[in-house]
Amino acid sequence: IKSNPDMSFEESEKKAYKMLFSDYVDYQNKKHIERRQYKRVRTTDDIWRNKNTKPEDVILQIGNKDNFPNPKVFSSIYTDLAIKMNNWRDKHGNCFYNLNMSVHLDETTPHIHLRRVWVATDPETGFKIPRQELALEQSGVPLPDPTKPKSRTNNCKMTFDKMMRGWFQDICIKHGLDIDIEPLPTRKHKTKEIYIDEQIQAKQGELERLTADVELAKRLEEELQKEKFNVGSDNVGGSDR
């Protein structure tokens, strides 16, 4: 989606959401108002902010801070990948739109940062809606295991991500890079929400441990004071001779 180059990324993304989803949002709002469900009335900006319908962030990186490709090669890889993704999208019903895609060469490790929104067609109204899994289904992307029901570990997005990684790896090899294409078995992808939750739990556990240590130290101090008091009491009055 082309926007005014003077716009910020945020302004451009909000404009894209308005262009894509305003018809559906207006339709939904009309129904809410008719039912006097005023708290359910939303704007396209609300859709852009919502955790379930906000743009998807994708980071593509090669190597690490100590070993990464030449910036010019990396930029060429980025260009080829963008063309590959756009060609696939055009043949599969425009199921996503790249809101912005850029190469970051001025940070510790060069990487591609992509933000996109998945667009499905609402079966009831025919309006465009921001529904990732439905968009992938409508574009013909299958489940990883079609014999099993859809789940967090068996969904169309997993199939697409695997396909996209394959494109990325093939393009890297085409540009002469020697890369590992097998995923590391000990490193599992975590969503941002899962990572934050694990960090909170770890800090909570540490806090509980420290609190328990403080309570233990307090009890030991109290017992020590009692022992001192008892020893002092035994010596009161001296000894009989």
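Where a number appears in this text, it was derived from the coordinates with a stated rule and is not lab data. Just so we're clear, the structure is a prediction, and the values are computed from it rather than from any experiment. Cβ coordinates were reconstructed from backbone atoms using ideal geometry, including for glycine residues, and neighbour counts include every protein chain displayed.
See the values below:
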item: Within the stretch 110-137, backbone nitrogen closer than 17 Å to the virtual label 7 Å beyond the Cα of D66 toward Cβ; result: 110
item: Cα centroid separation - the stretch 19-49 against the stretch 110-124, whole Å; result: 20 Å
item: Cα gyration tensor, the stretch 124-169 - rounded (a/c under 1.5), prolate or oblate; result: oblate
item: Stretchable slack from A82 to K157, in nm (0.36 nm times residue separation minus alpha-carbon distance); result: 25.2 nm
item: Prolate/oblate/rounded call for the stretch 76-156, Cα gyration tensor, a/c under 1.5 rounded; result: prolate
item: Added length on full extension, which subtracts the Cα-Cα distance from 0.36 nm per residue, E11 to K91; result: 26.0 nm
item: Theoretical gain in end-to-end length, D180 to D45 [0.36 nm per residue, Cα-Cα removed]; result: 44.5 nm
